[in-house]
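These notes are about the structure you will find just below.
Taken together, the values in this text are just the output of simple stated rules run on the coordinates, not laboratory data. Remember, predicted model here, so these are calculated numbers, not experimental data. With ideal geometry, Cβ positions are generated from the backbone for all residues, glycine too; neighbour counts draw on all protein chains shown.
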Amino acid sequence: MTDVLSQDQVIPQYDNNHYAVVDLGSNSFHLLITRLTNSSNNPTLITANKVKQKVRLAAGLDTDLNLTDEAITRGLNCLKLFAKHLATIPAENIIIVATAALRIAKNNDIFFQSANDILPKSIKLLSGEQEASTIYAGVAHSSVQKTQVVSNKQLVIDIGGASTEIIVGEGNKAKKLVSLDIGCVSFLGKYFPDNRLTQENFANCIAAATQAIDSVSADFIQLGWHSAVGSSGTMQAMVEILSERNEAKVMTLDFLNDVQQRLINSQSIEHIDIAGLREDRKAVLASGLSILIALFTSLQIKEMRLSSGALREGLLFELLPEADIKL
C-alpha cells in the first residue's frame, strides 16, 4: 500500500475485470482496486492495488464546521491522483463514498462540486446509519468467508476520524446501529491541542467520549452480544502492539489502560515510543485510545478482537454480492 505517490509515477492500467472502492474518510482517503477472478468457477475479488493518503479532513473543520481552503485543497489533490488510477476502470465497477467529516461540513457542496469534476463517478455521501450498516456488512461477509462464527450476536465497533459506529448484529443482519460524532481526528485537536499526553488531557477526552456513548449504551447492553470485534486504525494499532509483545491478539481494558499509561509517560505525541507501534499511527493514537477506553467502559466490553472486514469490504460486497473477497 502506498501512502504518498509522486505525481509523475507510472499508474498501472486496469480493465473491465477490475473493481474500485474509494473511501473518503475523515482521517485518510483510501483507494482499493480489486481484480475479479474465476478460480474453480468461483468469482473472487483479490487486491490489485491500494493507495492511501492522510488528508485529515476532520482536522480542517473550523469552529463554524466549515472545511478550510487548505483542507479542501489537500482532498482534491489526492482525488486527482485517484482519478488517474480510475481512468481505465468502467464507471459501473466503481463506488465512491464520503463519510463523517463531509457529512458534518456545512460547506461540503464546495468540495463535492470540484471533486465530482475530477472523479469519473459522483460521490455518494453516506449517512451515519448507512456507514454503520455498510461496516457491519463488511464484517459479516468477511467473517463468513473466513469461517468465523457469526450465527451469534456480535458487537461491531469502528472508530473513524470524525465518527464512531456501534452495531449489534446477528448473521448478515444488523439489529441495532448508531453513528456518534466522536472521532480520533476531531478529538485530537479538541483534547490534545498541544500534543501533550497528560493524565488530565486523557481524562477529559475519555469523559467526553463516555458522555456521548452513555446516551445509547443502555439499549445496546440490553440487546446483548456474544463477541465483540473492532475495525479501524486504533484497533489495528492495539493488535500490532499485542503482536509485538507475543500476546494473544485480544484487547482488554487492562491492556488499554497500560497503553494509556505508556503514552502518558511519553509526555508528548512526538516522543511516543511503544514497541510494535507504526510511525503513521502515533498522531491520533491518544484520542482514538481514549474513545476505545470509553467504549469498553460504557458498553461493559470484556474483550475485543480485530475484525476481518469493515467499510471497504462492505462496499465491495455491494458492488459484487456473489463474489468472495480475499484482500
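Only bridges whose two residues both fall in the chain count here: according to DSSP, what percent of them are antiparallel, nearest 5? Walk me through the intermediate numbers first.
Values: 36 of 54 bridges.
In the chain, approximately 65 percent of DSSP beta bridges are antiparallel ones.
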Around Val22: net Lys/Arg minus Asp/Glu count, Cβ-Cβ under 12 Å: +4
Calculated Rg and Dmax of segment 268-320 using C-alpha coordinates, Å: 15.2, 45
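Nearest 5 percent is fine: what portion of the DSSP beta bridges confined to segment 18-125 is antiparallel?
Values: 20 of 27 bridges.
Here the share of antiparallel DSSP bridges comes out near 75 percent.
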Segment 151-258 - share of DSSP beta bridges that are antiparallel (%, nearest 5): 75 percent
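Beyond 34 Å, what share of the Cα-Cα pairs of the chain remains, rounded to the nearest whole percent? Walk me through the intermediate numbers first.
Details: 11345 of 53301 pairs.
The proportion of pairs with Cα distances above 34 Å equals 21 percent.
Please give the calculated 222 nm ellipticity per residue for the chain, where each DSSP H segment of at least 4 residues contributes -39500 (n - 2.57) and the sum is spread over every residue; nearest 500 deg cm²/dmol? Intermediate results must be reported in sequence, preceding the final value.
Details: 10 runs with 134 residues, N = 327.
Taken over the chain, the calculation gives -13000 deg cm²/dmol.
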³J(HN,Hα) computed for each position of segment 10-19 - Karplus, 6.51 cos²θ - 1.76 cosθ + 1.60, integer Hz, glycine/proline x: 5, 8, x, 9, 10, 9, 5, 8, 9, 10
Convex hull (Cα only) mean projected area of segment 18-125, reported in nm² to one decimal: 6.6 nm²
Isotropic mean projected area of the C-alpha convex hull, segment 14-74 (nm²): 5.2 nm²
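Using the Cα atoms as the points, what is the convex hull volume per residue of segment 149-307 in Å³?
Values: hull volume 15.3 nm³, N = 159.
In segment 149-307, the Cα convex hull volume per residue is 97 Å³.
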